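Take a look at the structure set out below.
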Amino acid sequence: MNILSTSVLSADFSILGDQIRTVDHAGAQYIHIDVMDGLFVPSISYGMPVMRSIRKATAKVFDTHLMIERPERYIGAFADCGADIITFHLESTDRPAEVIEAIHSRGLKAGIAIKPKTPVEAFTPYLDTADMLLVMTVEPGFGGQSYLEACTGKIRAARDMADKSGRKIDIQVDGGVHRGNIDTVLDAGANVVVVGSAVFQNDIEENVRYFLNKLSLREV
């Protein structure tokens, strides 16, 4: 199934609850929540208090993307804040198998992410346990960046790895996705697409409908 995950990093935080309700009512399946600690990435975004508050605004899936050092310290806390999926970076911990186990122990789906310069083969040891592979198509840390064309091949390779695993593994793409390149990421094999600026600029409902239509026409 193809899924639209709307990144609230690009939302207007003065009316965040209203904008989340707007993408919810327009049909977006996931709410993508980028958590940054200023260490693993240079930016600091938001954390558990914001998650708890916006959980009241929607029942949609909270697709939580941890860009933090040693995520194993916080799995329980983010689960308690309403996460449904927790994705962490393989580069952020030396205990990825334990992190996946901790996420699963809370009854949540576990995603693993890699930066643009990390080889896609880094996913290989976790194909038996991960529920989603996230290919970053920008350097993590800031919204509004341009899609890195060189990452398209990594999306394709991740899809091939997932298919050959014999398990149902989602392939997520995050970074610089817009109307002009949505077909590119879908052609490469992504089925969970994170869109931020291209949703929250101008007419949010119309933007969500556009991407949902694209995704529905290209079901994998």
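Computed from the coordinates by the stated procedures, all read-outs in this text should not be read as laboratory data. These numbers come from a predicted model, not from an experiment. Backbone-built Cβ (ideal geometry, glycine too); neighbour counts: all protein chains shown.
Only one residue in T64, T58 is crowded, with 22+ Cβ neighbours inside 10 Å and without any contact (Cβ under 8 Å) to a residue 60 or more places away in the chain. Which one?
Residue meeting the stated conditions: T64.
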Could you tell me whether A102 is in contact with a strand residue (DSSP E or B) (Cβ under 7 Å, 6 or more places away or on another chain) and closer than 17 Å to F88 by Cβ? no
Could you list, ordered by first residue, the pairs with Cβ atoms under 6 Å in which the first is in the stretch 122-139 and touching a residue at least 24 places away in the same chain (Cβ under 8 Å) and within 30 Å of H178 (Cβ to Cβ) and the second is part of a loop (DSSP other than H, G, I, E, B) and among the polar types (S, T, N, Q), at least 6 apart or interchain? V138/Q145
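Could you check the stretch 27-49 and list, in sequence order, the residues that are farther than 30 Å from Y210 by Cβ, in contact (Cβ under 8 Å) with a residue 24 or more places away in the chain and not in a strand (DSSP E or B)? Walk me through it before giving the result.
Kept after step one, since they are farther than 30 Å from Y210 by Cβ, are these residues of the stretch 27-49: 37-40, 42, 44, 47-49.
Adding the requirement that they be in contact (Cβ under 8 Å) with a residue 24 or more places away in the chain leaves 37, 39-40, 42, 48.
Selection gives L39, F40, P42, M48.
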Looking only at the stretch 140-168, how many residues end up being buried (at least 22 other Cβ atoms within 10 Å of the Cβ) and under 21 Å from M1 (Cα atoms)? 3
Could you go through the stretch 183-195 and let me know if any residue there is surrounded by fewer than 16 Cβ atoms within 10 Å (Cβ to Cβ) and over 21 Å from V41 (Cα atoms). yes
Return the pairs, sorted by first residue and then second, in which the second residue is assigned to a helix (DSSP H, G or I), the first residue lies in the stretch 1-16 and is of a type in the set (G, A, S), the beta carbons are less than 6 Å apart, and the residues are 6+ apart or on different chains. S10/S197; S10/F200; A11/Q19; A11/F200
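Going through the stretch 56-68 one residue at a time, which ones are of a type in the set (A, V, I, L, M), touching a strand residue (DSSP E or B) at 6+ places or on another chain (Cβ under 8 Å) and not in a strand (DSSP E or B)?
I68
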Taking the condition part of a loop (DSSP other than H, G, I, E, B), within 16 Å of the chain's Cα centre (by Cα) and among the polar types (S, T, N, Q), does Q172 pass? no
Please state which one of E219, E205 is surrounded by fewer than 21 Cβ atoms within 10 Å (Cβ to Cβ), touching a helix residue (DSSP H, G or I) at 6+ places or on another chain (Cβ under 6 Å) and more than 26 Å from H89 (Cα to Cα). E205
Candidate set: the stretch 134-169, residues that are part of a loop (DSSP other than H, G, I, E, B) and of a type in the set (S, T, N, Q); chosen: the one farthest from D63 (Cα to Cα): S146
Do you know which of the residues in the stretch 188-206 that are under 18 Å from the mean Cα position of the chain (by Cα) and in a helix (DSSP H, G or I) is farthest from A26 (Cα to Cα)? A188
Tell me, which residue of the stretch 5-55 that is touching a strand residue (DSSP E or B) at 6+ places or on another chain (Cβ under 8 Å) and among the polar types (S, T, N, Q) is surrounded by the fewest Cβ atoms within 10 Å (Cβ to Cβ)? S43
Of everything in the stretch 204-215, what is more than 12 Å from Q19 (Cβ to Cβ) and out of contact with any strand residue (DSSP E or B) (no Cβ under 8 Å at 6 or more places or on another chain)? Give them in sequence order. E206, R209, Y210, N213, K214
